Amino acid sequence: MCAEAAHAVKRVKVVSFNVSNHETENGWDIRKSAIARFLAEEQPDIVGLQEATYMQIQYLLAGMPAYLFCGVSRDTGTKGGGGEYSAILYNRKRFEALDKGEFWLSATPDEVSRGWDAACHRTATWVIFSDRRSGEEWAMI
């Protein structure tokens, strides 16, 4: 093995979308098929979604059978609950989720809460991954 191959950069393809369920001239119904098509063509390793509903996540996952997702509703703290998610989708063929969780951006981060004059609940999702190719572990928020 040549030195160049031994030190090759381990690439991870990550994409992010602010899905937004707000009805606008470029709302979800207009963009959903384009987003699904893009994800199917690009096959990213990791997908970050902001302002996505459970229904929107399920729509995207229907075209991505190798993917799982981490995240909970910012309003209920449960998977499948109403409200928006800050979800992380990942290709389970490449990654294993070793640990995961959420926290709310507030003075009480371990419970569904609103803080610092926010207009709505704000949450973050985190995952510790193990790369099945390299064995390396890393975190994503």
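At a glance:
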| item | result |
| --- | --- |
| Identity of the residue in the range 110-125, without any contact (Cβ under 8 Å) to a residue 12 or more places away in the chain and either closer than 14 Å to Ser73 by Cα or under 15 Å from the mean Cα position of the chain (by Cα) (or both), that ends up least open to solvent (accessible area, probe 1.4 Å) | Ser113 |
| Matching residues in the range 105-124 - criterion: being in a loop (DSSP other than H, G, I, E, B) and of a type in the set (A, V, I, L, M, F, W, C) | Leu105, Ala107, Val112, Trp116, Ala118, Ala119, Cys120 |
| Some residue of the range 11-24 being open to solvent by 70 Å² or more (accessible area, probe 1.4 Å), part of a loop (DSSP other than H, G, I, E, B) and closer than 25 Å to Ala139 by Cα | yes |
| Test: residue in the range 81-99 that is open to solvent by 50 Å² or more (accessible area, probe 1.4 Å) and free of Cβ contacts under 8 Å to residues at least 24 places away in the same chain | no |
| Selected residue [in contact (Cβ under 8 Å) with a residue 60 or more places away in the chain and either touching a Leu at 6+ places or on another chain (Cβ under 9 Å) or open to solvent by 80 Å² or more (accessible area, probe 1.4 Å) (or both)] from Ile46, Ile57, Ile128 | Ile46 |
| Top-ranked residue of the range 77-104 - restricted to ones that are assigned to a loop (DSSP other than H, G, I, E, B) and at pLDDT below 95, ranked as nearest to the chain's Cα centre (by Cα) | Lys79 |
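Here's the yes/no breakdown for (1) under 29 Å from Phe103 (Cβ atoms); (2) part of a strand (DSSP E or B); (3) over 14 Å from the mean Cα position of the chain (by Cα):
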| residue | (1), (2), (3) |
| --- | --- |
| Lys32 | yes, no, yes |
| Ala40 | no, no, yes |
| Gly48 | yes, yes, no |
| Glu51 | yes, yes, no |
| Ile57 | yes, no, no |
| Leu60 | yes, no, no |
| Met64 | yes, no, no |
| Phe69 | yes, yes, no |
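The values are calculated or read from the model by the stated rules, or taken from the named source; none is laboratory data. In this text, all values refer to a predicted model and were calculated from it rather than measured experimentally. Heads up, the Cβs are rebuilt from the backbone with ideal geometry, glycines too, and the neighbour counts pull from every protein chain shown. Accessible surface areas use protein heavy atoms only, side chains included; no ligands, DNA or RNA. Shrake-Rupley method; radii C 1.70, N 1.55, O 1.52, S 1.80 Å.
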